[in-house]
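> Before we start, here is the structure in question, set down as structure tokens.
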Amino acid sequence: MTKWMRWVGACVVLALAGCGGGGDAGGGSGPGFGDPRNGTYLAYAANGRIYDFTVNFDSGTYRMAGNGIDAQGSFTAGGGSYIIGGNARFRTATDLVAGGFNFGSGVTSFIAARQFVTSAAGLTPYTFNEFGINLGTPHTAGGASSRFASGSTLQTCTDATIYTIAACPAGSVYTYALTFNGSDITGVDAGHANATIRFRVARSGSTLVYLRAETPSGGVPAFRIGLPEAAGLAGGTFIGASNVGNWATTTLTAGSYDIAGLRANGANFNDGAVLSALNADQPAGIRSGVRSSDGVSLLVMQGGPLSVVVGAGGYLEIGLQ
């Protein structure tokens, strides 16, 4: 079975640090006149922090602000993406922006949204797979299966093995009672010493995207993203950034992962892996493989317009169609 970091200490117990916020639908401002994508999005970054990303496609300008930075500038369109400079680039989907940005320590991945679930009614029962990284020493990556059993309850399998919720050992299931403050959702598991999480659920068309970024005082920064569970990997072509500064095109099939693009130093690269399904008691929507260049173990998932890849050592890649 595929085993990764244990999520109990690394993922569940951490409390979300304060973050910036916006307006419509519980976070981020909606479009005004001009390009309908204009507005402010809430950006979840792979450094474990949250920012306000304001973008104007008519003037070709942006502002990334929060957590000690206030960066403004311009961008140009090219190849279906928008280029700020080097591998700092981004792409768009319905009410989403995903790409790479230099938040102070080199280009890293981010995903930004402006439409969010704001009440229990928006969380009809559904299961999603959650990938994430912890930025301690050393960096770690992992996955988990979670389920909104109702709009007011979230269950997460915190076992070291990525089980489905149905197959998860009872002692590894955390059950969070949820409360809403606009789009900011807090979950508390009274059965596990009041373990507390804070997160949002973004909407892109009909796809729900689970988002967490946290840097607790004295703790380890962490980033989480969840996509709906699926019967398998549908495949497709995705373009985006990784947390090692690459900008690349990823091509997925049910049995393969191929990536080619630019490294942080501007050099071209390509890589890949043969992908396999997990065991019967594990999520069908996750594939695993070994990267051919260095033998690093990978986990791959996709949902809606997004693909996400994590790897041993804390690797994270987010792509957008």
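> Residue by residue through the stretch 150-170, note down the ones that are open to solvent by less than 30 Å² (accessible area, probe 1.4 Å), more than 16 Å from L211 (Cα to Cα) and among the hydroxyl-bearing types (S, T, Y).
Passing the criteria: T158, T161.
Residues checked against (1) among the small types (G, A, S); (2) out of contact with any Phe, Trp or Tyr (no Cβ under 9 Å at 6 or more places or on another chain); (3) open to solvent by 40 Å² or more (accessible area, probe 1.4 Å):
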{"site": "R49", "(1), (2), (3)": "no, no, yes"}
{"site": "F57", "(1), (2), (3)": "no, no, no"}
{"site": "G66", "(1), (2), (3)": "yes, no, no"}
{"site": "A77", "(1), (2), (3)": "yes, no, yes"}
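> Mind counting the residues in the stretch 112-142 that are part of a strand (DSSP E or B) and closer than 16 Å to F199 by Cβ?
Restricting attention to the stretch 112-142, the residues satisfying the condition of being part of a strand (DSSP E or B) are 112-113, 116, 126-134, 140-142.
From the residues that got through so far, the ones that are closer than 16 Å to F199 by Cβ too are 112-113, 116, 126-134.
Going through the stretch 112-142 one residue at a time, the tally reaches 12.
> Here's another thing I want to ask about it. Kindly list, by first and then second residue, each pair from a residue in the stretch 72-98 that is over 18 Å from D52 (Cα atoms) and modelled with pLDDT under 95 to a residue that is assigned to a strand (DSSP E or B) and among the basic types (K, R), limited to pairs with Cβ atoms under 8 Å and residues at least 6 apart or on different chains.
If the second residue must be assigned to a strand (DSSP E or B) and among the basic types (K, R), the pairs left are G80/R91.
> Sticking with this one: So for the stretch 132-149 (the condition being buried (at least 18 other Cβ atoms within 10 Å of the Cβ), touching a Lys or Arg at 6+ places or on another chain (Cβ under 8 Å), touching a residue at least 12 places away in the same chain (Cβ under 8 Å) and under 30 Å from G73 (Cβ atoms)), does at least one residue qualify?
yes
> On to the next question. Whether any residue in the stretch 118-127 is aromatic (F, W, Y), under 28 Å from A241 (Cβ atoms) and at pLDDT 95 or above is what I want to check. Steps first, answer last, please.
Step one: list which residues in the stretch 118-127 are aromatic (F, W, Y), which gives 126.
Of the ones still in play, those that are also under 28 Å from A241 (Cβ atoms) are 126.
Now drop any that are not at pLDDT 95 or above, which leaves none.
No, every residue in the stretch 118-127 fails to be aromatic (F, W, Y), under 28 Å from A241 (Cβ atoms) and at pLDDT 95 or above.
> Are any of the residues in the stretch 171-185 touching a Cys at 6+ places or on another chain (Cβ under 8 Å), part of a loop (DSSP other than H, G, I, E, B) and open to solvent by less than 10 Å² (accessible area, probe 1.4 Å)?
So far as the stretch 171-185 goes, no, none of its residues is touching a Cys at 6+ places or on another chain (Cβ under 8 Å), part of a loop (DSSP other than H, G, I, E, B) and open to solvent by less than 10 Å² (accessible area, probe 1.4 Å).
The values are calculated or read from the model by the stated rules, or taken from the named source; none is laboratory data. All values reported here derive from a predicted model rather than from experimental measurement. Glycine also receives a Cβ, built like all others from the backbone with ideal geometry; neighbour counts cover every protein chain displayed. What goes into the accessible areas is simple: the full protein's heavy atoms, side chains included, and nothing from ligands, DNA or RNA. Shrake-Rupley method; radii C 1.70, N 1.55, O 1.52, S 1.80 Å.
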